[in-house]
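In what follows, a single structure is set out as structure tokens and then discussed.
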Amino acid sequence: MDKLKVIVAAATPEQRDETLRLLNSDKLQIIATINPDSSGLNKAGFAPADVLILASDSLDNKETDFIERLYMTRPGLVNILITREKNADILQRALLCGIIWVIDLADETENPVETIISVINREKNRQAAANNCSLVSYASEVMAFFGTKGGVGKTTTAVNMAVSLARLNKRVALIDLDLQFGDVGIFLDIAKADSIIDVVEENDYEYSTLSSFLFKHSSGVRVLCAPSAPEYAEMVKPLHIEKILSSLRSEFDYIILDMPPAFNDISIAALEQSSEIFFVINPDISSLRNAQASISVLEQLNMGSKLNLVINRDGFSNLHRKDLEDVLGRKAVLALPCDYKNAAKAVNRGIPLALAYKQSKVAAELSKFAQRTVEKAKTPESGSWPAISIPGRRDKRK
Ligand SMILES: Nc1ncnc2c1ncn2[C@@H]1O[C@H](COP(=O)(O)OP(=O)(O)OP(=O)(O)O)[C@@H](O)[C@H]1O
Ligand SMILES: [Mg+2]
């Protein structure tokens, strides 16, 4: 029998060491030890594990929140609690957050390794039975267009990318996560629509319910709009974002996130859930300095490997693409030229460039990028994005 792959989550080194000692067995393979917090969540989100063992005697709110987020995003991962305080209160909170078994360390008759194996076998059998009944399972590519500077072109790229992918017959959802000042509705001339607040108030994340809040744009893109006023933004919590993404993942090929120009608990939760982050910058010193600081934060949050550079208004200033790439230590995967006239007309008409001005250079580059995105999905083994090959002015001089 293959060894079961285990992640151990513990808040203190003592608990971690004790748990590792207890789980020392040739039937288990410990593939990661993490803290039950957002950095641990990020690691656990990608580790190919069968089971997560949380060691805790208190199961505090931070830990239940951690498990609940894993439960929503990694349905195949079995969550088990190891504790010396197996009481009714802990049991109830464990069940509510998604822990399916509690091992009592105070009970000397219990063999933790054998219990874990039998719980996992039971759970695997149950999942196999459920999968036999299910139809097709899709896993969307979640693409976040982010940048911590206002006005650099996040919404322009997100909206036009969504429309360009829809033109390639892909099923696309576009979510406006700029919860205070989101303007996807303006870019798409959506006069009145439900918003993410309606979803949160309904508190039913089944796709059949959630889909009724998605605006059907003529391009085929399904849009979840931002709240109608900034004061509603705080009603949305990170867990809502995870539940929404979790529900949409099985229904769409691509989920495009238009992000706010800031790090906050919502944007970090969304970035953690994204498959790729497209960090949008402009060729000016202020944008570059801002990008340097933000990219360093994203790297500290272990998101560096899914971070891609997008240069908008390329060629507009004496800061050339190569200068930007050299300073930031990454090649751009997309560069869009400056086109004030068409960009402004598109927003004013509420028709994206990719529909109203298909011949414009910005629309053409985005269309090519959408095609590359689809091609990349067909060959996932190709790994990271190839850098763009169009030479910048500085390159030509060489
Ligand atoms: N390549 C471009 N050339 C010229 N104008 C552009 C270009 N890209 C975007 N714009 C214009 O710049 C303005 C800001 O763009 P956009 O709203 O996409 O930025 P943003 O990063 O989403 O801003 P915010 O941080 O406020 O959400 C818009 O008026 C848009 O039409
Ligand atoms: Mg925006």
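The values are calculated or read from the model by the stated rules, or taken from the named source; none is laboratory data. What you see is a predicted model; the values in this text were computed from it and never measured. Glycine also receives a Cβ, built like all others from the backbone with ideal geometry; neighbour counts cover every protein chain displayed. These accessible areas exclude ligands, DNA and RNA; they are computed on the full protein's heavy atoms, side chains included. Shrake-Rupley method; radii C 1.70, N 1.55, O 1.52, S 1.80 Å.
Starting from residues that are of a type in the set (Gly, Ala, Ser) and away from ligand 1 (no atom under 14 Å from the Cβ), keep the ones in the stretch 146-170 and report whichever is surrounded by the fewest Cβ atoms within 10 Å (Cβ to Cβ). Reasoning before the result, please.
Our first condition is that a residue be of a type in the set (Gly, Ala, Ser); within the stretch 146-170, this holds for 147, 150-151, 153, 158, 162, 164, 166.
Right, trim to away from ligand 1 (no atom under 14 Å from the Cβ) and you get 164, 166.
Values: SER164: 29, ALA166: 24.
Residue satisfying both the conditions and the ranking: ALA166.
Just one of the listed residues (ILE281, ILE266, ILE241) is crowded, with 18+ Cβ neighbours inside 10 Å, modelled with pLDDT under 95 and within 16 Å of ligand 2 (Cβ to nearest atom), and it is ILE266.
Only one of the numbered conditions (1) more than 23 Å from TYR254 (Cα to Cα); (2) modelled with pLDDT of 95 or more is violated by LYS396, and that is (2).
So that you can scan it fast, the table gives a plain yes or no per residue for (1) free of Cβ contacts under 8 Å to residues at least 12 places away in the same chain; (2) polar (S, T, N, Q):
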site	(1), (2)
ASP2	yes, no
ILE7	no, no
GLN15	no, yes
SER25	no, yes
PHE46	yes, no
ILE53	no, no
SER56	no, yes
ASP60	yes, no
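For the criterion of being modelled with pLDDT of 90 or more, farther than 28 Å from SER274 by Cα and of a type in the set (Val, Ile, Thr), ILE80 fails.
On the stretch given as the stretch 48-72, residues that are basic (Lys, Arg) and either open to solvent by 70 Å² or more (accessible area, probe 1.4 Å) or at positive phi (or both) total 1. If the condition is being in a loop (DSSP other than H, G, I, E, B) and either of a type in the set (A, V, I, L, M, F, W, C) or open to solvent by less than 50 Å² (accessible area, probe 1.4 Å) (or both), then the stretch 302-329 contributes MET303, GLY315, PHE316, SER317, LEU319, HIS320. Within the stretch 73-99, being open to solvent by 50 Å² or more (accessible area, probe 1.4 Å) and within 20 Å of LYS124 (Cα to Cα) holds for PRO75, LEU95. Screening GLU114, GLU85 for residues that are among the charged types (D, E, K, R), over 25 Å from GLY304 (Cα atoms) and in contact (Cβ under 8 Å) with a residue 24 or more places away in the chain leaves exactly one candidate, GLU85.
Within the stretch 331-344, how many residues turn out to be touching a residue at least 24 places away in the same chain (Cβ under 8 Å), outside any helix (DSSP H, G or I) and open to solvent by 30 Å² or more (accessible area, probe 1.4 Å)?
Within the stretch 331-344, the subset touching a residue at least 24 places away in the same chain (Cβ under 8 Å) is 331-338, 343.
Among the residues that remain, those that are also outside any helix (DSSP H, G or I) are: 331-338.
With the extra rule that they be open to solvent by 30 Å² or more (accessible area, probe 1.4 Å), the set shrinks to 331, 337-338.
Looking only at that region, the number is 3.
Residue-wise test of (1) assigned by TED's automatic domain parsing to the domain that holds PRO261; (2) buried (at least 18 other Cβ atoms within 10 Å of the Cβ); (3) in a strand (DSSP E or B); (4) hydrophobic (A, V, I, L, M, F, W, C).
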site	(1), (2), (3), (4)
ILE175	yes, yes, yes, yes
ASP178	yes, yes, no, no
ILE186	yes, no, no, yes
ASP189	yes, no, no, no
GLU201	yes, no, no, no
THR209	yes, no, no, no
GLY220	yes, no, no, no
PRO227	yes, yes, no, no
ALA233	yes, yes, no, yes
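Residues considered: SER274, SER294, SER287. Of these, the only one that is open to solvent by less than 50 Å² (accessible area, probe 1.4 Å) and either free of Cβ contacts under 8 Å to residues at least 24 places away in the same chain or closer than 14 Å to LYS154 by Cα (or both) is SER287. Exactly one residue among VAL362, VAL347 is within 16 Å of ligand 2 (Cβ to nearest atom), at pLDDT 95 or above and open to solvent by less than 30 Å² (accessible area, probe 1.4 Å), and that residue is VAL362.
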